[in-house]
Amino acid sequence: MPAHKSSTTFKLSTGASIPAVGLGTWQSSQSEVYDAVLAALESGYRHIDTAYAYLNEEAVGKAIKDSGIPREQIFVTTKLAAVQQLDPTSALNDSLKRLDLDYVDLYLMHWPVALNPNNKSHPLIPILPNGDRDVLHDFDFIDSYKVLQELADQGKTKAIGVSNFSIKNLTRLLEHPSTTIKPVVNQVELHPYLPQNELLEFTKKHEILLEAYSPLGSTNSPLLTDETIVKIAKNHNVSPATILISWAVWRGTVVLPKSVTPSRIESNFLVVDLTSEEGKQLDNIHKEKGIKRLINPKWSKIDVFTEV
Ligand SMILES: NC(=O)C1=CN([C@@H]2O[C@H](COP(=O)(O)OP(=O)(O)OC[C@H]3O[C@@H](n4cnc5c(N)ncnc54)[C@H](OP(=O)(O)O)[C@@H]3O)[C@@H](O)[C@H]2O)C=CC1
Ligand SMILES: O=C1Nc2ccccc2C1=O
C-alpha cells in the first residue's frame, strides 16, 4: 500500500483507545501551537501531547475548541512538571483551566524527580546559587503517584502514566503496595539511535504502552540524513520522517512527532507499510551508529536513566 493516513489505535490497559500518532508540542509557542493543532486536527490527527512545562496549554485548548471536533473524539495528554510534584491536584486543576477542558485523557508524571517550588529563581527550572537544579532529594515519586491515582478516581483524567521512567523506577512503582492503578504508558525518548529494546520488552510484559518522544531526533536531527533511513524513504517515495514514524508504529509504540510547519504536520500523519527486512534494518541502525540519547537534563546528583 502507498503512504496513507495513520488509522492505527492502541488499547490502554484501562480499555480506552489511543491513536498511535499524536502531535508533539514541546517548543511550540502559543501562537504556533494554535495553528499547528488546528492543522493537525484538519489532517486527521486525534491525539495531542502537551505539558504544563511547554507553556502552551491555553492555545492547545483553544484550538481544540475552535476545531469544532467533539471533545470525546480527541485524545489529550498533559503532564505534571517537576516543579509541581508536591501538589498534583492543584497542578491538574490549573492545567484543566488553561486547557478549558473538564478532563484530560492522560495525565503523566513528566519526570521521576521533584524541583523546589519555593525557589522562585525560575518558574519551571529553579536553580541553586551554584547553578545546579534545585532538586528535592527527599522526594519520592511514589507519593505524587498516589495523588495521580486519586485524580483518576475523580475522573479529572481518564488515565495516568509516567514519563522518563527507567525499568528500575517502573519496577519500584509497580511493586509498591500503594500502586492500585498501573501507569498506562511510559513516554520516553525513542528512535533508531535509542531503540529502548529492554524497556519495550519490559513494558509489553506489564501491559504498559511506550510512547516515543523526539521520534525524529528532535531539533537538527542526524536521523533525517542517516543513509539507511534515507534509502528506505526513497524506496517508498516518502520523507525520512515518515519512515521514522512508520517504524515506531510498526514496533507497537505511540509516536509523537512535533511540527509547526503545515506541510510537515500533514506528511507526519502518513505511514507506510515497512517490510520486515526494512523493519530489521531500522532495528539494527544503533548497532553500527551506537546509542545516542538526545534529551538528558542534569538533575543535580540524580541520573534518572541509570539502571543500577
Ligand atoms: N516527556 C518528555 O520528557 C518529552 C516529551 N516530548 C514530546 O515529544 C514531542 C516530539 O519530540 P521533539 O523533541 O519535539 O522532537 P521531534 O523528534 O518530534 O522533532 C521535532 C523537530 O523536527 C522538525 N520536523 C518535524 N517534522 C519534520 C519533517 N517531516 N521533516 C523534517 N523535519 C521535521 C520540527 O521542525 P518544525 O516544527 O519547524 O517543523 C522540529 O524541529 C514533543 O514535542 C513533546 O510533545 C519531547 C521531549 C521530552
Ligand atoms: O518535554 C520535554 N522536553 C525536554 C527537553 C529537554 C529537557 C526537558 C524536556 C522536557 O521535559
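Rule-based calculations on the coordinates, nothing more; no lab input. As the structure is a computational prediction, the values presented were derived from the model and not from experiment. Cβ coordinates were reconstructed from backbone atoms using ideal geometry, including for glycine residues, and neighbour counts include every protein chain displayed.
Segment 251-308 and segment 70-144 have Cα centres lying 24 Å from one another.
Given the -39500 (n - 2.57) contribution per DSSP H run of 4+ residues, what per-residue ellipticity at 222 nm results for the chain, rounded to the nearest 500 deg cm²/dmol? Mind showing how you got there, number by number?
Details: 10 runs with 109 residues, N = 308.
Estimated from H runs of four or more residues: -10500 deg cm²/dmol.
Pairs exceeding a 23 Å alpha-carbon distance, out of K168/K280; K5/K79; K11/K158: K168/K280; K5/K79.
Packing here is the average count of other Cβ atoms within 10 Å per residue, and on that basis the peptides 180-191, 33-44, 58-69, highest first, run 180-191, 33-44, 58-69.
Would you mind checking K120/K298; K258/K287; K97/K204; K97/K182; K205/K258 for any pair whose Cα atoms are more than 23 angstrom apart? Table pairs above 23 Å Cα-Cα are K258/K287; K97/K204; K97/K182; K205/K258.
Overall shape of segment 1-144 was characterised from the C-alpha gyration tensor. The equivalent ellipsoid obtained from it has semi-axes of 30, 17, 14 Å, in decreasing order. Relative contact order (percent) for segment 4-289, with alpha-carbon contacts under 8 angstrom and 6 or more residues of separation? Relative contact order for segment 4-289 comes out at 20 percent.
Estimated at 0.36 nm per residue, the fully extended path between Q30 and D87 surpasses their Cα-Cα distance by 18.0 nm.
For the pair S7 and N130, a Förster radius of 51 Å applied to the C-beta separation gives a FRET efficiency near 0.50, rounded to the nearest 0.05. Along the Cα-to-Cβ line of E288, 7 Å from the Cα, sits a label point; which residues in segment 185-199 have backbone N less than 20 Å from it? Within reach of a label on E288: 191-197. Within the P(r) computed for segment 62-173, what percentage of the Cα pairs occupies the region above 22 Å? Here the tail beyond 22 Å accounts for 38 percent of pairs. For the pair segment 194-209 and segment 33-56, the centres of their Cα atoms are 26 angstrom apart.
Largest GNM mean-square fluctuation across T203, T77, T171, computed for the chain with C-alpha springs under 10 Å, falls on T171.
With respect to the chain, whose longest principal axis is taken over its alpha-carbon atoms, helix 88-99 is tilted by about 50°.
To the nearest whole percent, what portion of all C-alpha pairs in the chain is separated by more than 26 angstrom? Please report the intermediate quantities before stating the final value.
Numbers: 20835 of 47278 pairs.
The share of Cα pairs beyond 26 Å in the chain comes to 44 percent.
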